[in-house]
Structure formats: structure tokens, C-alpha cells
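Inspection log for the structure reproduced underneath, given as C-alpha cells.
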Amino acid sequence: MFSAASSFGLGYMTGFMGILTGILLSFLTSKKGKRFQGTIMGFTAGLMIATVCFDLFPEAFSRGGLYIGIIGVSLGVLLTVKLDNILDAYMKKIKHFKGSQYLKTGLLMALGISIHNIPEGIAIGALAQSSIDAGIRLALIVALHCIPEGIAIAIPLKEAGIKKKVIAYYAFIFALPMELGSIIGYLISGISILFVTLSLGFAGGIILYVTCGEILPESKEMWGGRLSTIGTMIGIILGITVASHLG
């Protein structure tokens, strides 16, 4: 039986393992490792697109209906657009700072990632409450999605001169929002199917926006060659394959 404690552990370990893996991988790469970073970001973008479209959304629509699900998606997109505008305003201010540029960039990146990891945790908790197997599959895919997030957090912090050991410890902190979201998702799912549908759609809208608006463009910016595109295609194919085995 899936319990609150299980939701607590699943959400935390999903964020922790993914982000920590990304942080550790960032220590193995350098500025010359853009090909690897671009490819893995493209891969996770494709994986998340397939997961949302062939797993998360169908689950939401089948439980509460198409229109309720779309309302949740729309709310997720609207919230992300608002957060995106806020972060853009801060990023413009950061450009005026030279000495602490990388530190501020890394911390803001961590803030943005932490915020959008909450609804991902909600999706994990809500989905696992209704189907443990589906929730665990989503958690594994979200953990993969967290790998480039860990890289994106660690690289500017590393450039700012923060010790690698300290950056690695940050994984414990950055995993907390997903844990919180997972608990919320678990509690919401026990209240009403309507809330489950809204939360799944909400999380899917945020994930899609971040994937299409940030991760995909960043993968091409990191590596403009074909590998980032091929990584995206492989991610989509793998995501569809995983989703096709849900039933």
C-alpha cells in the first residue's frame, strides 16, 4: 500500500539522485564538453515530451476528463510564464555584476529549478497514489530529467569558485521541493479525482513549457550539431516505448 511515508521517500530520492548525478557529471565535463551536455539535454527533453504526452496527459484526461485536464495544463503554463518573466528580470540585473555573476546565476538557476520541481513532485505523488508502478516509472524518468538540471546548477557554481564538495552537498537541499510536491500530490489525490486531474495537468503544462522553452533551446545552444537533435529523437522514442508498457 502506497503511504505518505512512501511518497515522502519517492519524491526526495527522485530529486536527490537525479540532481546529484548531474552535479557529479558536471565535474567530469569542461567547457570542451558541450557536445555531451547538449546531447544529454536534448535526450531528456525528448524523454519528457514523450512522457508528458503519452503518459501524464492520458492519465489526467482518463481520470477527470479532457477539459479539466486542459484547465490544469493552462494553469501550469500560465504560472511558468509568470515565473519565467520574473527570472528574466533578475537575469538582466545579474549582468551588471562581474565578480559574483556566476554565483548569482547558479543560485537563480537553482531557484527556478526548485520551483518547477514542486509540480513534478505533485505528479509523482498523485500518480503513485493511483498506480504505484506508473508512479515509479514517472519518478525514474523525472530523475533522468533532473540530471541536466544538476549540470545546469553545478557549472556556474563551479565557475564561481565554490568547492566541489559543497556543490555536491547542495543536492540534499535541491531535492526538498520535489519531496514537498510529492507529499502534496499524495494528499490531493486522496481528496478528489478533480484535484488529481488538475495536478497532473498542471505539472504536465509546466514540464512541457520548461522543456520546449528552455531545455530544447539550451541543448541546441550548447551543441548546434546533429547530436543534440538525435538525442531528442532517441529520448522521444524511448519515452513512447516506456509509456506503451504502462498497461
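Quick one, can you get me the convex hull of the C-alpha atoms of the range 154-227 expressed as volume per residue in Å³? Walk me through the numbers on the way to the answer.
Numbers: hull volume 8.8 nm³, N = 74.
Dividing the Cα hull volume of the range 154-227 by its residues yields 119 Å³.
In plain terms, if you count all Cα to Cα distances in the range 102-235 and split them into 10 Å steps from zero, the share in each step is 12, 38, 33, 16, 2 percent.
Using a 1.4 Å probe and counting only protein heavy atoms, arrange Ser228, Ser130 so the residue with the most accessible area comes first. Numbers along the way, then the final one.
On the way: Ser228 0, Ser130 50 Å².
Largest accessible area first, the list is Ser130, Ser228.
In the range 158-247, what trypsin sites (Lys or Arg not before Pro) fall in a loop by DSSP, with at most 11 other Cβ atoms inside 10 Å?
Values: sites: Lys158, Lys163, Lys164, Lys165, Lys220, Arg226; in loops: Lys163.
Answer in residue order: Lys163.
Accessible area of Thr21 (1.4 Å probe, protein heavy atoms only, ligands and nucleic acids ignored): about 50 Å².
Provide Phe16, Phe36 ordered by accessible surface of protein heavy atoms (probe 1.4 Å), highest first. Spell out each step's value before the answer.
Working: Phe16 25, Phe36 85 Å².
If we order Phe16, Phe36 from most to least accessible, we get Phe36, Phe16.
Go through Lys82/Lys158; Lys34/Lys164; Lys34/Lys165; Lys34/Lys158 and tell me which ones have a Cα-Cα distance over 25 Å in this structure. Check vs 25 Å cut-off fails for Lys82/Lys158.
The values are calculated or read from the model by the stated rules, or taken from the named source; none is laboratory data. Bear in mind that the values here come from a model prediction, so they are computed numbers and not experimental data. Cβ coordinates were reconstructed from backbone atoms using ideal geometry, including for glycine residues, and neighbour counts include every protein chain displayed. For accessibility, only protein heavy atoms count, side chains too; no ligands or nucleic acids. Shrake-Rupley method; radii C 1.70, N 1.55, O 1.52, S 1.80 Å.
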